[in-house]
Amino acid sequence: MEKYLSQLNEAQLEPTIQKDGPMIIIAGAGSGKTRVLTFRIAYLMSEGVDPFNILSLTFTNKAAREMKDRIATIVGASEAKNLWMGTFHSVFAKILRIEADRLGYPSNFTIYDTQDSDRLISSIIKEMNLDKDIYKYKQVRSRISSYKNSLITVRAYFQNPELIEADTMARRPRLGDIYKEYVERCFKAGAMDFDDLLLKTNELLTRFPEVLMKYQNRFKYILVDEYQDTNHSQYLIVRALSDKFQNICVVGDDAQSIYAFRGANINNILNFQKDYDDVKVFRLEQNYRSTKNIVNAANSIIEKNQTKLDKVVWTANDEGEKIIVNRSLTDGDEGRFVASTIWENKIQNHVLNSDFAILYRTNAQSRAIEDALRKRDIPYRIYGGLSFYQRKEIKDVLSYLRLIINPADEEALKRVINFPPRGIGGTTIDRLVVAANGYKRSIFEVMKNIDKTDVKINSGTKGKLLDFVTMIESYQVLNQTADVFELAEHVTRTSGLIRELKKDATPEGVTRMENIEELLNGMKDFVEGQKEVADTTGNLAEFLEDVALSTDADADKGDPDHVALMTIHLAKGLEFPYVFVVGLEEDLFPSAMSMGTRSELEEERRLFYVALTRAEKQAYLTYALSRYRWGKLVDSEPSRFIEEIDEQYLNITTPIEERRFNPMLDSDIFGDVEPNKIRFKPAKQPEFKKANTTKEPFKAQITTPKNLKPVTATDGSNTNLFDSKLAVGNLVKHMRFGTGEVLKIEGAGADVKAEIKFQHGGTKKLLLRFAKLEVI
Ligand code: ATP
Ligand code: MG
């Protein structure tokens, strides 16, 4: 152990060997917080603490696995195996299975993912004959989710006039009824959604003191990484479990709190010292991850936030290269810049694909980047987005498998009862749902006893329902002896799924078949892996648990040498030698949705801080002057975050095409460009066009003038000139270009443009709805 402890600096060593009592480590990015947690666990074990008594909660399961591997190299694999490590959701799902019957749940309860929750909520809205444009299922789901995370049960909801009033004011007076029905349906289906995993754990720990005692005694030492992003429900669990021994160690960085929109409460970290007696506070200041330029640049940004704990972050690492800021004409060009930079770096510096990460604010931005990477044959992987397990064909297979474990699972049943088609129509299914609600039984039970019920279904259909029941029951028998791979292979063949997919010879159909093959391969790996690391059999229940709780950042399959593409939210805690933060434009990052209040803007700024501090050697910040959004080419302005960085750390490059030709200077918004002068060509982007038909809340803001938010000038005055009368000859001030005179005004509606001659920087044509102008 001594040997390992020497790999820590003094400030890190102190909290590592502080064995007992409550403690908090507050420190900036890259200062070794996660490293201290890892070493601390190894230290506790070397001091004789039984691994069964240590609980460590991480942000992703992958992070937990990496920590476990590291600990295994220090204390030995067989010891490390018994540690309780993982995300809140995966650890407490395990505990809930053990204690399920106390809460009236079967131990084989299903875990509904967001897609299942959405489908159930949609059907409830439909069954209740509510207007689906007012009761948007996603909004309803997020409302229910926030109630659960604040521990507001259905009963508590109906006892709280303020909540009822708030939903009524939001034109959704029936929200409470939907919530009630949703909770009952989940319960009847033997299913918990993600929020339930925390809510029910809280219920378990408060309603059953003997259970609380059991786990308090079990988890003598508790450690939590990324504590700044715990929500209220998670906070209460940690509080309850650590109450007896108070051996609680939390680490976090208030400057990296980025999940407020999901209920994370930054006060959990700020108030920690009030929650326990004699809290030891540790601070780490030395960053080991990044160059001086990156560390200092990041410091210069986060300084702009008012709400923060004072912290020092410095590094003894090299000065490093300055942060490269790149401006492109379009999002397509931005993608090409990123791809060619990676390509050149790989050749010049002999680096791996996996040394690069491309981080963006929203998933939709990945497309232009992907196109460019593909053209250069650079392997990449997208983390997050629609996960593999949520693809239709995969979800279909999984639904059969879920039914084997839990036939009451309503969402799984509805998915596959008539897929592949077996003549059980929508009306029949509706009747079954109504009957199941009436009898307070699961749909599967109603089907099984169809002859004893009064459901109006003809005898032919009854036969089909019973055939389905028999089929699932035969799978259940096989499940007692087969591993998950053998079982799934049998199920896909005998259920008719494979036959159905084979009918479709289109490329999409072929891809679907390949996906199923990949699923089966994955199962085979899982079975092998499970035998090796966990001494278990690799059975179906274990597999489904693994799938249900795999977080977006966990999807790490196939060749590990790929460029990583992900949202900044997912990149938390990770590090890469080369990091691109793309789409640094006003309204995109900071997001238009998050500029309403100072606290929202500060959260965006923290997000930017997280993004920049992922880089070890070199960071690139890129933005485009125009970008396809919601099917339209819109102009964009560079993000204020770029301007907020102390300039001495930046290397602002001018793209070649711009040196030759600057459309902002010379053209009518790209109108009269001579084709041979410029590479830029507005690409056709069919996928985005399609997205335009779905009603995004943003769209109106961009295209409908009356919904435009007032633009605020640097001095804070309201200078939205969009519908004011700007006249030729006016003198105006622009945030970046300075003072200028209006030469010409043209266009109509949302497209009004002014040609302005600036004192410095020449003549530019600006779209008034984007330009931040102030008449002087
Ligand atoms: P974040 O805030 O991003 O989660 P963190 O504070 O958890 O960062 P770590 O990920 O633990 O920081 O450490 C950052 C990097 O610095 C890691 O690569 C880690 O191995 C390395 N590191 C930390 N401490 C030391 C040390 N004393 N000696 C050498 N390397 C170190
Ligand atoms: Mg960390």
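Brief remarks on what is shown
- Residue among ASP243, ASP278, ASP253 that alone is surrounded by fewer than 16 Cβ atoms within 10 Å (Cβ to Cβ) and touching a Gly at 6+ places or on another chain (Cβ under 7 Å): ASP278
- All positions within region 568-592 that are within 18 Å of PRO379 (Cα to Cα) and among the hydroxyl-bearing types (Ser, Thr, Tyr): TYR578
- Looking only at region 567-600, and only at residues there that are over 22 Å from GLU370 (Cα atoms) and assigned to a helix (DSSP H, G or I), the one that is farthest from ligand 1 (Cβ to nearest atom): ALA592
- Considering (1) farther than 15 Å from ARG174 by Cα; (2) surrounded by 15 or more Cβ atoms within 10 Å (Cβ to Cβ); (3) of a type outside the set (Asp, Glu), the lone condition that LEU130 does not fulfil carries the number (1).
- Single residue of GLU604, GLU616 found to be in a helix (DSSP H, G or I), modelled with pLDDT of 95 or more and surrounded by fewer than 24 Cβ atoms within 10 Å (Cβ to Cβ): GLU604
- The residues on offer are ILE382, ILE404, ILE358, and the sole one that is hydrophobic (A, V, I, L, M, F, W, C), within 19 Å of the chain's Cα centre (by Cα) and crowded, with 23+ Cβ neighbours inside 10 Å is ILE358.
- Residues of region 191-224 that are among the hydroxyl-bearing types (Ser, Thr, Tyr) and under 15 Å from THR87 (Cβ atoms): THR201 alone.
- Answer from VAL154, VAL140 - the residue that is without any contact (Cβ under 8 Å) to a residue 40 or more places away in the chain, of a type in the set (A, V, I, L, M) and within 30 Å of LEU401 (Cβ to Cβ): VAL140
- Taking region 415-441 as the range and being surrounded by 19 or more Cβ atoms within 10 Å (Cβ to Cβ) and closer than 24 Å to LEU497 by Cα as the test, the residues that pass are ARG415, VAL416, ILE417, ILE424, THR428, LEU432.
- Meets criteria (under 25 Å from LEU13 (Cα atoms), part of a strand (DSSP E or B) and modelled with pLDDT of 90 or more) for ARG283: yes
The values are calculated or read from the model by the stated rules, or taken from the named source; none is laboratory data. Not measured: the values here are computed from a predicted model. Every residue, glycine among them, receives a Cβ derived from its backbone with ideal geometry; neighbour counts consider all protein chains shown.
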